[in-house]
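Below is one structure, written out as structure tokens; comments come after it.
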């Protein structure tokens, strides 16, 4: 009869493989749960786990890692492993560039030296940023980027303490969105010259922005193969590379069909692109170009408002709620993770609030003079 085997020492790095795998959020949660029970089984079986991975160890005497290299590796992990949107990665890069310059001014060049930073020094950095007009929202994003950088350095055994983890962030303030009224929306929708290809494009784009409540970045990256005009819906890729299905109005579908028909007839085949909205050179329309286009039409109409693409999204949500739409349905259509983000639109639905008041309060409809 075989004798009982002694306790074994083996090297496992399950976490590192989970982090390196191209998994979605749900899959990572499942993998982490499996990992937890795997460790329990190893403990019951007498297997001692020691964590070792070439990328997660930094033994004494090993070459130092420059801060610049650490930041680049961190940003690369955000794009490839966490699949953050290019806009978010660009924002984090901008925030960390300021931190990089501040580190150079304080003679900190190696990642391992981040260990020596204390809360007072980090508060000094943020105070300097605030003195240059940094908004609370930008500061929250910057602190998120910095916490992530320190966490990344700690995970790769470059530092032992994440000093940035306990830094307080400014309270999030959700500003009241400015919605356009229906008359202004109609003026803008009818502004493009639909006798031209670019006018047809602009009309279709404005119909999509208002009809489906897309973020301007979602509209700019909308592709033809993600449209189902027969079903009046489209698949869009939102924040965090998350896909969702959005409804489309009949007017949006008709405008897109008219634009594509003219585009196929007038634009050479070599300039055609899978993206729906193209500029005159046949390349995808940029977010800035869409903003400039809206500014052109608002000036053309002599509107006193500073119209932005996001106001179409605000108007989409506000008009739906004013007309009795369920707030959770609106949340799904907007692609909001948190219901609290959608609830801000209920604060500006004064028309619906007053209508409810007049219909519900027994004396609100009394027309008699006091």
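On inspection, residue 194 fails the criterion of being buried (at least 19 other Cβ atoms within 10 Å of the Cβ) and closer than 30 Å to residue 257 by Cα. Scanning segment 245-267 for residues that are assigned to a helix (DSSP H, G or I) and surrounded by 17 or more Cβ atoms within 10 Å (Cβ to Cβ) returns 252, 253, 255, 256, 259, 260, 262, 263.
Laboratory data are not the source of any read-out in this text; all were calculated from the coordinates shown. Only a predicted model underlies this, so the values are computations on that prediction, with no experimental measurement involved. Ideal geometry is used to build each Cβ from the backbone, glycine not excepted, and the neighbour counts take in all protein chains shown.
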